[in-house]
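The structure under discussion appears below in the form of structure tokens.
Any read-out appearing in this document is the output of simple, stated calculations on the displayed coordinates, not a laboratory observation. Quantities reported herein were computed from a predicted structural model and do not represent experimental measurements. Cβ atoms come from the backbone with ideal geometry, glycine included; neighbour counts cover every protein chain shown.
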Amino acid sequence: MIDLKSMTLEEITDTLRDMGEPAFRGKQVFTWLHKGAVSFDEMSNLSKSLREKLAKTCFITAPKVARKQVSQQDGTIKYLWELQDGNCIESVLMRYHHGNTVCISSQVGCRMGCAFCASTIAGKVRDLTPAEMLDQVLFTQLDSGLDISNIVLMGIGEPMDNLDTVLKFLQLVNHPDGMNIGMRHISLSTCGVIPGIRRLAELKTQLTLSVSLHAPDGETRSRIMPVNRAYPVEDLFAACHDYFKKTGRRISFEYAMIDGVNDQDWQADLIAAKLKGMPGHVNLIPLNDVVESPFKPSKRIAAFQRRLESHGITATVRRSLGGDIDASCGQLRRKAMEEAKKGEKPL
């Protein structure tokens with residue numbers, strides 16, 4: 001069976017042409033898919049014979065809302081989506097003054113093993129398809145009734161570990177006959193997979209690259225982020241400098257503040273030294289408590305921010321959203337998995 005929604009307009013057109021259909025049918029099908037059609041019967045401007053033909057050879061992805069939590073504090077909406085194979089992923093809709101942002105997943109689970117993250121506790125199950133990534137944006141918009149203007153690839157999974165799919169998704173969500181969300185309104189976050197960073201640099205995409213740094217020194221970073229053993233932080237900084245030189249795009253560095261681990265003045269000084277010659281933005285993140293993690297939120301966020309700013313580094317503190325609804329990445333999925341194991345609630 002053919003996953004039509006994972007295909008570009010040109011690929012759909014070629015598929016339909018192979019079925020003996022005229023080229024204009026490709027745009028019709030593409031448009032229906034990107035409006036959220038869940039069956040071929042909805043495609044009213046297609047002939048009945050074509051709809052029947054498509055139903056026999058193709059399928060349309062459409063996730064189910066397994067759980068939905070709405071924050072009473074700030075209106076953040078957390079979705080747990082059930083995919084067609086029964087696996088679950090998360091998306092979060094966040095409301096800002098500049099528009100509505102959806103944070104989406106790129107994999108079912110994650111194999112990167114960051115010590116403070118709930119997404120990676122059960123490991124990686126599989127990669128998502130382009131359609132499954134697109135569905136998170138599309139069906140979040142349809143279910144919430146709110147227009148999505150910005151996308152963050154910072155949910156469950158490591159985007160650079162599924163980069164071909166991510167690039168296809170970007171092509172789809174950016175298409176003028178689809179959701180038409182511009183690249184400058186999309187952020188991609190990586191824990192530091194250097195080959196992916198270098199590939200993006202060569203492609204010169206206009207998205208915003210976010211690097212989950214979390215420690216500027218190798219010893220600390222290896223302790224909390226196993227990826228540092230494969231891609232050392234010194235090499236990561238070098239790749240970031242190269243990325244800026246090739247794209248001219250400022251990088252955002254994500255930094256979860258962990259009490260007594262990565263929140264010391266000397267670490268702020270080291271960040272400033274490593275970013276010298278490259279405009280960078282450091283986004284300090286108040287750590288969310290994860291039951292299985294021994295790490296606790298830092299009490300030195302303001303002091304760390306001042307230290308960075310004393311070096312001329314732009315540093316902000318991320319506003320915490322959805323604290324009452326398990327909005328931190330992976331928390332809702334983990335909770336649902338635990339409940340399913342106990343037989344309390346089905347996923």
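Summary table
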quantity	calculated
Taking N as its residue count, the alpha carbon Rg of region 35-104 over 2.2 N^0.38 Å	1.51
Signed unit charges on C-beta, dipole axis of the chain, positive-most listed residue Leu209, Ala55, Met160	Leu209
Order by protection proxy (mean Cβ within 10 Å, highest first), peptides 116-125, 10-19	116-125, 10-19
Computed FRET value (nearest 0.05) for Asn87 with Gln264, which takes r as the C-beta separation and R₀ as 41 Å	0.55
Reachable lysines from Lys78, criterion Cα separation under 28 angstrom, eight or more residues apart if same chain	Lys5, Lys35, Lys64, Lys68, Lys124, Lys168, Lys296, Lys299, Lys335, Lys341, Lys342, Lys345
Extension gain, Leu146 back to Arg306 (0.36 nm per residue minus Cα-Cα distance, nm)	53.9 nm
FRET efficiency, 1/(1 + (r/R0)^6) with R0 30 Å, evaluated for Gln206 and Ser47 via beta carbons	0.15
Relative contact order (%) - the chain, alpha-carbon pairs under 8 angstrom, separation at least six	15
Among Cys110, Leu9, Ser310 - extreme Cα towards positive end, dipole of the chain, charges at beta-carbon	Ser310
Packing-based order for 46-53, 212-219, 187-194, 171-178, using average beta carbon neighbours within 10 Å, highest first	187-194, 212-219, 171-178, 46-53
Where only C-alpha atoms are counted, convex hull volume of the chain per residue in Å³	140
Base-10 log of normalised Debye intensity for region 1-43 (one unit scatterer per alpha-carbon) at q = 0.28 Å⁻¹	-1.06
Gain on full stretching of the segment that runs from Asp235 to Thr316 - 0.36 nm per residue minus C-alpha separation	26.7 nm
Contact order relative to length of region 2-59, as percent, for alpha carbon pairs under 8 angstrom and 6 or more apart	36
Globularity ratio of region 61-188, using Cα Rg and 2.2 N^0.38 Å	0.99
